[in-house]
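Everything below concerns the one structure shown next.
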Amino acid sequence: MEERIHYRACNLCEAICGLEIRVRGDEILSIRGDEADPLSRGYICPKAVALKDIQQDPDRLRRPLRRTANGWEEIGWDAALDLAAERLVAIAQKYGSNSVAAYYGNPNVHNYGSMTHGSRALAPLKTRSRYSATSVDQLPHQLLTYWMYGHQLLVPIADIDRTDYFLVLGANPLASNGSLMTAPDFRGRIKALQQRGGRMVLLDPRRTETAEVADEHHFIRPGTDAAFLLGLLKTIFDENLARPGLLAEFADGIDTAAQAIRAFDLGALSAHCGIAADVIRRIAREFTAAPRAAAYGRMGVSVQRRGTLCQWLIQLLNIVSGNLDREGGMLLPMPAVDMIESPASRPGHFGAWKTRVRGLPEFAGELPVAALAEEITTPGEGQIRALFTSAGNPVLSTPNGAQLDRALKELEFMVSVDIYLNETTRHAHLILPPTPTLEHDHYDLVLHGFAVRNTARYSEPLFPKPEGALHDWEIFEGVGARIAQRLGVKHSPSPRPEQILDLGLRTGPYSGMRKHPLDLSLAKLKAQPSGIDLGPLQPSLPQRLYHPDKRIRCTPPELLQELHSFGEELGSAQGDSLSLIGRRHLRSNNSWLHNSQRLVKGPARHQLLMHPQDLAQRGLADGVRVRVRSRVGEVVVEVASSEDMMRGVVSLPHGWGHHYQDTRLSVAREHPGASNNDLTDETCLDVSGNAALNGVAVTVEAA
Ligand SMILES: Nc1nc2c(c(=O)[nH]1)N[C@H]1C(S)=C(S)[C@@H](COP(=O)(O)OP(=O)(O)OC[C@H]3O[C@@H](n4cnc5c(=O)[nH]c(N)nc54)[C@H](O)[C@@H]3O)O[C@H]1N2
Ligand SMILES: Nc1nc2c(c(=O)[nH]1)N[C@H]1C(S)=C(S)[C@@H](COP(=O)(O)OP(=O)(O)OC[C@H]3O[C@@H](n4cnc5c(=O)[nH]c(N)nc54)[C@H](O)[C@@H]3O)O[C@H]1N2
Ligand code: SF4
Ligand SMILES: [Mo]
């Protein structure tokens, strides 16, 4: 059989690297980086070959499974989709539509059919019980950009290919390959920055892989970044270093912010975060003196108690230094399909309704997932009785996962669209497995919008859809149509994903309709499978602001309130517990790549990392098993001594805890580890409703 070469995007993480895959028949011979890809330029990481493992994994589900008294039974697609619709409708009719909930996990964002059709599955039910991984991730960014710029997707991206000074808080792109910053080959890009004489400064409670390549790394106490950022801004205002330039013409409220920030005491801020006042002053001066600078913060500052406050202070820093909308600063990408301009685009709304039990605010129609368990277990009108999950594993990925694990047992019906029978889907009554990535086409509808360079790329399917299989989007359509039919409501059939994509391209910023010389269309993208370069990011403000008055709201009132309550917390006693943070590893991906032998082999990576003096203080030795306790639970795990940890801080990766015996994950079960989220606290939230997964108070003792 003849060998062929297939080009496509890797959809495992936000770096969206271009791949060159050699195949003969249905055999994958090799997976390499595609040198011709204008964004990734040949870079890939070790996870790319896991696409082959997923494709071939005997544990991956291929047919719908129904739970019976005698265990799992394979059923046909028609019967499965009918059953899903019948049960969901019956429960909605009996208890009301909000009794049917949905949870959408991270891979939906990396799956184009889920982006075009995901919401259609339950749309006819009109439930308000919608949850996703957003509220354990980037919710603060979306809420803040909605408040300041008018639309939840107007997230400015660091122009790292042209900046001179890159200030990073709580991100580890050398392991994660970047987030809300699609930047494949981060290491190469930082090397280029250093070669042009630029600097990268990192704040992280662990000396990470990224700290190794940074010019400067500072330990920071978990959850205290707001103090550091306030220190920077206070210095800038006190020393008259603010230079917003043209931004001042359309930015409102800088003075109000300046006044509130100047009232803080630098000594108190420095004591709180553990970074010396002269270091804070120096970084403020360097940041404002750099011709082009960018400040960026990710998971370490998104999933903590002051996530939205931190993201606000980061935006302010970029604005007052004149770096927002500047080349080499922070810019808005201009993707070929502009989701912001699409008719389905939703700018956002906050607190329009609240969760039933704790009164937590919705954002853009979604509720904080930290409330899901209590909404299932607390009786009363609106109690959740049925759950639809798609590409999510909230038992391992959301705070107090053990509590959610118990709650899921109480559901009258649960249906999961997923390729694995894992810690979460084992609770389902019905599992609907879609085709894996290599069997469908792909376009990154979301991630081109967060990339450090404008590019576009369409991937054909590598393998044809097997007989009797369905894509994610076909499952969503199938469920939605059947629900609508049972309810007797209108549900016009949707165009296919590639028709939606083609329309988006032909009406988008690079379309002939908009008089762009490239005149992009799906046919044009298909002709260039390595992708098309659309050039570096460009300034675009104030035109692209979504507020009707085209002005930036620099000081949302909710954040002045947050600032005030943060001020009251300054100087409060810290207690003697340890502070728990998470960790990502290059060879792992949240909870679901641990069934690839190739990726999990080698030394264990799920240990609790702890500073040697913290170990010694407790009479513990490197390698022993320890019991880690928090308010909500405890886990037992091996401890590893590490000089790279800040004193008083311990680190445990999330996504482990594969000890449940009723899953179908034969490799992952051999490497169980312990779940970080059996320790994280569902009551510890940011003002946005995002979970504070970092900075959890724990104790550690011999097991
Ligand atoms: N303590 C702590 N917790 C965290 C984090 C942390 O840093 N610390 N990080 C948080 C973050 S950023 C995120 S994004 C969440 C992730 O949280 P989740 O999205 O809930 O969890 P994942 O581990 O990504 O699980 C993905 C699921 O999708 C399935 N899947 C994979 N590909 C496909 C596909 O093509 N189609 C379908 N239908 N299913 C598929 C997998 O089998 C798996 O069940 O975890 C969060 N949890
Ligand atoms: N290999 C791999 N790649 C991934 C993933 C994966 O699981 N594995 N997950 C993907 C997903 S869903 C996402 S959202 C991205 C996340 O991408 P990143 O945010 O870059 O990844 P993290 O490793 O979570 O980085 C967070 C860093 O914050 C630090 N930190 C913890 N608490 C604090 C704090 O209070 N303050 C400060 N300043 N720092 C703190 C941690 O030590 C850690 O180094 O990665 C994506 N890429
Ligand atoms: S960094 Fe690795 S996992 Fe992420 S897209 Fe690139 S090859 Fe795939
Ligand atoms: Mo994430």
Using 0.36 nm per residue of separation minus the Cα-Cα distance, give me the extension gain between ARG24 and ALA289 in nm, one decimal.
89.8 nm
Could you tell me the center-to-center distance, by alpha carbons, between region 502-562 and region 230-286 in angstrom?
32 Å
Can you give me the Kirkwood hydrodynamic radius for region 378-418, using every pair of distinct Cα atoms, in Å to one decimal?
11.1 Å
Debye log10 I(q)/I(0) for the chain, one point scatterer per Cα, at q = 0.11 Å⁻¹
-1.22
Send over a whole-number figure in Å² for the accessible area per residue of region 3-56, probe 1.4 Å.
37 Å²
Förster radius 30 Å - calculated FRET efficiency between GLN561 and TRP353 (Cβ-Cβ, nearest 0.05):
0.90
Could you tell me how far the Cα centroid of region 591-618 sits from the Cα centroid of region 646-692, in Å?
12 Å
Cα gyration tensor of region 3-56 diagonalised, 5x eigenvalues square-rooted, in angstrom largest first, produces semi-axes 18, 13, 7
Quantify, in whole percent, the carbon and sulfur part of the accessible surface of the chain (1.4 Å probe; protein heavy atoms only).
50 percent
Distance between modelled label sites at ASP161 and ASP252, nm, 7 Å Cα→Cβ extension
3.6 nm
When the distances between all Cα atoms of region 50-89 are binned every 5 Å from zero, what whole-number percent does each bin get?
6, 20, 19, 20, 15, 12, 7, 1
Expected field for TRP353, accessible surface area in Å² at 1.4 Å probe radius, rounded to 10, holds 50 Å²
Please report the relative contact order for the chain, taking Cα pairs under 8 Å with a sequence separation of at least 6, and give it as a percent rounded to a whole number.
20 percent
I want to make sure I understand the PRE zone here: with the label point 7 angstrom from the Cα of ALA263 toward its beta carbon, which residues in region 554-589 have backbone N atoms less than 20 Å away?
554-572
Just to make sure I understand: if all protein chains stay in place, what is the order of ASP662, ASP53, ASP252, ASP26 by accessible area at 1.4 Å, largest first?
ASP26, ASP662, ASP252, ASP53
Taking Cα centroids, how far is region 8-28 from region 161-214 in Å?
25 Å
Formal net charge of residues neighbouring GLU412 (Cβ-Cβ distance under 12 Å; K, R +1; D, E -1):
+3
Sorted by accessible area with a 1.4 angstrom probe, largest first, how do ARG629, ARG306, ARG262 fall?
ARG262, ARG629, ARG306
Could you check the simple spin-label distance between ARG406 and ARG282, using points 7 Å along Cα→Cβ, in nm with one decimal?
5.1 nm
Let me know the Kirkwood hydrodynamic radius for region 1-141, please, with Cα pairs as the basis and the value in Å to one decimal.
18.7 Å
Place a point 7 Å from the Cα of LYS526 in the direction of its beta carbon; the residues of region 464-499 whose amide N falls under 13 Å from it are 498-499
Which whole-number percent of Cα pairs in region 396-496 have a distance greater than 19 Å?
63 percent
Would you work out the relative contact order for region 96-167, in percent, from Cα pairs under 8 angstrom that are 6 or more residues apart?
29 percent
Quick one: what Rg and Dmax do you get for region 573-702 from the alpha carbons, in Å?
14.9, 46
Give, as a single signed number, the net charge of other residues whose beta carbon lies under 14 Å from the beta carbon of ILE340, with Lys and Arg counted +1 and Asp and Glu -1.
0
DSSP-defined beta bridges in the chain - what % are antiparallel, rounded to 5:
55 percent
Got a sec to turn the phi values of region 10-16 into Karplus ³J(HN,Hα) couplings, 6.51 cos²θ - 1.76 cosθ + 1.60 with θ = phi - 60°, whole Hz, x for Gly and Pro?
6, 10, 7, 9, 6, 6, 6
Tell me, what is the per residue accessible area of region 573-702 in Å², probe radius 1.4 Å?
41 Å²
Run through the DSSP bridge list for region 573-702 and note the antiparallel percent, rounded to the nearest 5.
70 percent
For the chain, what is the calculated [θ] at 222 nm in deg cm²/dmol (nearest 500), taking -39500 (n - 2.57) for each run of four or more DSSP H residues and dividing by its residue count?
-8000 deg cm²/dmol
Determine the gain in length on full extension of the stretch ALA192-ARG41; use 0.36 nm per residue of separation and subtract their C-alpha separation, reporting nm with one decimal.
52.9 nm
If you place +1 on the Cβ of every Lys and Arg, -1 on the Cβ of every Asp and Glu, and leave all else neutral, what size is the dipole of the chain about its Cα centre, to the nearest 20 Debye?
420 debye
So for each of 613-624, 530-541 I average, over its residues, the number of other beta carbons within 10 Å; can you give me the resulting order with the highest mean first?
530-541, 613-624
What percent of all Cα-Cα pairs in region 206-268 falls into each 5 Å bin, going from 0 up to the bin containing the maximum distance?
3, 14, 20, 18, 15, 13, 12, 4, 0
PRO557 neighbourhood, Cβ < 15 Å, K/R = +1, D/E = -1, net charge -3
How much FRET efficiency would the formula 1/(1 + (r/R0)^6) give for GLU239 and GLN499, where r is the Cβ-Cβ distance and R0 is 51 Å, rounded to 0.05?
0.35
Average projected area [Cα convex hull, region 261-418], square nanometres:
14.1 nm²
In nm, to one decimal, how far is the modelled label at ASP82 from the one at SER345, with both set 7 Å along Cα→Cβ?
4.3 nm
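The values are calculated or read from the model by the stated rules, or taken from the named source; none is laboratory data. Values in this document were obtained by computation on a predicted structure and should not be read as measured data. Virtual Cβ from ideal backbone geometry, glycine too; neighbours counted across all protein chains shown. Ligands, DNA and RNA are stripped out before the accessible areas are found, and what is left, the full protein with its side chains, is counted by its heavy atoms. Shrake-Rupley method; radii C 1.70, N 1.55, O 1.52, S 1.80 Å.
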